[in-house]
Structures are given as structure tokens and as C-alpha cells.
Amino acid sequence: MSADFNGAAGSSPSTPLGPITTKAELDARIEARPTPKPEPQLTPNTFESAGVNQSLNGLAEWRIQYLQDRLQSSRDKLERDHALSRLRGKPRADFGRSR
């Protein structure tokens with residue numbers, strides 16, 4: 001029991017969608033997008049291979065969109081918090097002031 005606990009305590013928490021979102025991962029995934037090639041390929045042109053390729057490309061595009069959304073929401077939160085930081089403590093300072 002203690003070995004299981006120590007192993008669980010030493011591991012990092014996992015997220016359901018993978019590791020932490022980073023700009024480096026987004027750039028790597030965008031760079032790894034497949035580009036259409038006009039030369040013939042030695043891959044089978046069957047119904048199954050087209051479905052597999054389509055689902056793999058769909059998953060990659062979904063992850064790219066997810067990373068962009070997460071990074072944009074983090075950027076928006078940072079900008080909002082920065083804009084509101086100048087108001088921090090203002091109500092407390094104005095509380096004792098008479099008009």
C-alpha cells in the first residue's frame with residue numbers, strides 16, 4: 001500500500017487531454033501538418049486507408065485548434081488581469097475618504 005502511495009505522490013497530475021499547453025507544441029504541430037505532394041505515393045488507395053488518414057488528420061487539426069484556443073484564452077486572461085491590476089486596492093483606499 002505504501003509503495004502505491006509513494007508512486008502516486010511522486011507522479012505529476014495528468015490532464016485528460018495530455019501535457020500542458022505550450023506555444024512550442026503548437027508550432028511543432030503546425031509544422032508537422034501534412035502537405036499535399038503531387039508525386040505518386042506507395043500507399044494503398046483503398047477506402048480504409050482514406051478513412052484512417054482522414055481521422056488522423058482530423059485529430060491533429062482538433063489538437064491544433066485546442067492549443068490555439070487555450071493559448072488565446074490564457075492571453076486574454078493575462079491582458080484582462082493586467083488591465084484590472086491598477087484598480088486593486090482602490091475600494092479599500094476610497095472607503096475612509098469623505099466626499
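Here, each number is a calculation from the coordinates, and none is a lab measurement. Just so it is clear, the model here is predicted, and its values are computed rather than measured. Note that each Cβ is placed from the backbone with ideal geometry, even for glycine, and that neighbours are counted across all protein chains shown.
Remarks
- A simple count of charges around L26, restricted to other residues whose Cβ falls under 15 Å of its Cβ and scoring Lys, Arg +1 and Asp, Glu -1, yields +1.
- Shown is the FRET efficiency for S49 and R29, computed with R0 = 35 Å from the Cβ-Cβ distance and rounded to the nearest 0.05: 0.95.
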